[in-house]
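Undergrad: Would you mind keeping the following structure in view while I ask a few things?
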Amino acid sequence: MASSSPSRGGDMKRKPTAVVVGGSIAGISCAHSLITAGWDLVVIEKSDSPQTGVSTGAGLGLDQQARSFIELWLNQSELLHNATLPLRIDLNQATDSEKKICKVLTRDENFNFRAAHWADLHGLLYKALPSDIVLWGHQFLSFCISDDKASVRVKAKVIQTNEITEVVGDLLVAADGCLSTIQIAVHRYSGYSAWRGVLDFTGNENSDTITNLRKAFPELGKCLYFDMGCRTHCVFYELQNRRINWIWYVNQPEPELKGNSMTTKVSNEMIEQMHKEAECVWAPELARVMKETKEPFINLIYDSDPLKEIHWDNVVLIGDAAHPTSPHGLRSTNMSILDAAVLGKCLEKWGLENLGVALNEFQTIRLPVMSKQVLHSRRMGQIKQGLDLPDREILDPMKAVPEDCQELQQRNMPFFADAPTAVNIT
């Protein structure tokens, strides 16, 4: 058994150390924020290496607050700008599946997000860290807190060799996602799942598929399109480097969750059936994009009721470990980045000698935001999917009047542009 531990000594001014479990965007963002705050840290991640050149995966939208912290950590704002495309417009429209006609439901021309591919953003953040921060190929096993609450010991397994290693730190940060093994959340199935994929049209920029798509949806490259049918909806937008990200939400009973994943592989028969259904529901240009996408997959949509606390002793939760949320408000990544940024500010402000105070302040700032945004994202999904709600009629997109559609806009999200990053003193 290998073991590593920071030099503790007796000096409270020594450099404190954190152990971060999870090397996704939340964990990597936390690494940046804690380094800025003057902490040492180790990130434990079960993947054997960073993901690069991944054609499948997730697109995401970054708000202005999240981008400001990323640019600070990268120290080169043009890096993020060059890896993303603008989402200046948030557009909700309805598609008549029989007549294949569309009508605009809401349009926001001051959206001010930018679209990124998950792997692109992760790569930018990871490459800007010291090379020895992340322990790749290490699977978290367990942790224990010392009797005096002064340290936490984390046990992990090196996947390639089955060797057990231990890392000791002053703080454990759980950034291990919505299926966290540190904080076991009670998940709630949304009532629907999502087909999703990324079409890479490199070398096919002038193909009929892309030419017709741009004619049908002329604001691709600057617009977040939400297309709504009867009890279903699809979101799609363009990513940097000639890619179209799309997600199609389908109402269905809860599938069986296999293993530690919210995604599932699909058979050729399932894909062929999806293509047939897409031709019946969506505009032909969008259905064609779905048909030409390699390796589409199904994402099971879960969230969790807001937690009552996001820290205890010297353990703190960030990212989806703290707030499993549905994707309709483009919140998950933005919330994770703000979690990391605020945690770093609190730790820097209070120092290791006041760790409990720092974690309490972090919770005071972030928990109200998390709670409201999780519940609002849930409601947006229910409305767009035509699910029953006690306080409003089921949305019929083709018959809806403007008053029915205001809740569809992203900017109605609580703390849409101004999530607090410090305690307000009144």
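Undergrad: Modelling each spin label as a point 7 Å along the Cα-to-Cβ direction, I'd like the E353/L389 distance in nm, to one decimal.
TA: 5.1 nm
Undergrad: Pop the C-beta distance of E256 and D404 into the FRET formula with R0 = 41 Å and round what comes out to the nearest 0.05. Show your work: numbers first, answer last.
TA: On the way: r = 35 Å, r/R0 = 0.87.
That pair, E256 with D404, gives E of 0.70.
Undergrad: A further question follows. Students often get this wrong, so check it: of K103/K265; K99/K384; K15/K157; K265/K291; K13/K149, which have C-alpha atoms separated by over 23 Å? Present the calculation step by step, with values, prior to reporting the outcome.
TA: Numbers: K103/K265 34 Å; K99/K384 20 Å; K15/K157 26 Å; K265/K291 17 Å; K13/K149 18 Å.
From the list (K103/K265; K99/K384; K15/K157; K265/K291; K13/K149), the Cα-Cα distance tops 23 Å for K103/K265; K15/K157.
Undergrad: While we're looking at this one, here's another question. Can you tell me the length gained on complete extension of the stretch K372 to R411, counting 0.36 nm per residue apart and subtracting the Cα distance?
TA: Working: separation 39, 0.36 × 39 = 14.04 nm, distance 1.36 nm.
Between K372 and R411, full extension yields 12.7 nm more.
Undergrad: With springs connecting C-alpha atoms under 10 Å apart, model the chain as a Gaussian network and identify which of D40, D48, D339 has the largest mean-square fluctuation.
TA: D48
Undergrad: So which DSSP H runs in the chain come out at 24 Å plus along the axis (Cα) with average Kyte-Doolittle of at least -1.0? Kindly include the intermediate steps, with their values, before the conclusion.
TA: Details: long enough: 332-350 (27 Å, 0.33); 355-384 (42 Å, -0.05).
Both cut-offs are met by 332-350, 355-384.
Undergrad: Of all the accessible heavy-atom surface of the chain, with the other protein chains kept in place and a 1.4 Å probe, what percent is carbon and sulfur? Each step should come with its number before you reach the end.
TA: Working: 9320 of 19080 Å².
Carbon and sulfur atoms account for 49 percent of the accessible area of the chain.
Undergrad: Of the options G381, V357, Q65, report the single residue whose Cα projects farthest towards the positive end of the charge dipole of the chain (beta-carbon charges: Lys, Arg +1; Asp, Glu -1).
TA: Q65
Undergrad: Pairs of alpha-carbon atoms within less than 8 angstrom and 6+ residues apart define the contacts here; what relative contact order does segment 245-400 have, in percent? Could you put the intermediate results ahead of the total?
TA: Numbers: 138 pairs, mean separation 32.5, N = 156.
RCO, segment 245-400: 21 percent.
Undergrad: Follow-up. Tell me which label goes with the value of Cα Rg over 2.2 N^0.38 Å computed from the coordinates here: (1) 1.01; (2) 0.89; (3) 1.30.
TA: (1)
Undergrad: Provide the per residue accessible area, probe 1.4 Å, for the chain, rounded to a whole number of square angstrom.
TA: Numbers: 19080 Å² over 426 residues.
Dividing the accessible area of the chain by its residue count gives 45 Å².
Undergrad: A follow-up question, please. Could you work out which residue, out of P218, P296, P390, moves most in a Gaussian network model of the chain, that is, has the largest mean-square fluctuation with Cα springs under 10 Å?
TA: P390
Undergrad: Mind putting a number on the dipole of the chain about its Cα centre? Charges go on the C-beta only, +1 for Lys and Arg and -1 for Asp and Glu, and I need it in Debye to the nearest 20. Spell out each step's value before the answer.
TA: Numbers: 43 positive and 52 negative charges, 55 e Å.
For this selection, approximately 260 debye.
Undergrad: Would you calculate the separation in nanometres between label points at V104 and E309, each defined as 7 Å from the Cα along the Cα-to-beta-carbon direction?
TA: Going from the V104 label point to the E309 one covers 5.0 nm.
Undergrad: If you don't mind, there's one more thing I want to ask. Top mean-square fluctuation among L389, L41, L367, Gaussian network model of the chain, C-alpha springs under 10 Å?
TA: For the chain, modelled as a Gaussian network with Cα springs under 10 Å, the answer is L389.
Undergrad: Okay, next question. Alpha carbon centre of segment 174-248 versus segment 72-146: separation in Å?
TA: Each part's Cα centre sits 11 Å from the other's.
Undergrad: Could you compute the FRET efficiency for K265 and K13, with r as their C-beta to C-beta distance and R0 at 45 Å, rounded to 0.05?
TA: With a Förster radius of 45 Å, E is 0.30.
Undergrad: Something else now. Rounded to the nearest 500, what is the chain's calculated 222 nm mean residue ellipticity when only DSSP H runs of at least 4 contribute -39500 (n - 2.57) each, over all residues? Write out the running numbers ahead of the final one.
TA: Working: 10 runs with 124 residues, N = 426.
Helix contribution divided over all residues of the chain: -9000 deg cm²/dmol.
Undergrad: Which value in nm describes the separation of the simple spin-label points at D208 and N241, placed 7 Å from the Cα toward the beta carbon?
TA: If labels sit at D208 and N241, their model points lie 2.9 nm apart.
The values are calculated or read from the model by the stated rules, or taken from the named source; none is laboratory data. What you see is a predicted model, and the numbers here were worked out from it, not measured in a lab. Cβ atoms come from the backbone with ideal geometry, glycine included; neighbour counts cover every protein chain shown. Keep in mind that these areas ignore ligands, DNA and RNA; they rest on the heavy atoms of the full protein, side chains included. Shrake-Rupley method; radii C 1.70, N 1.55, O 1.52, S 1.80 Å.
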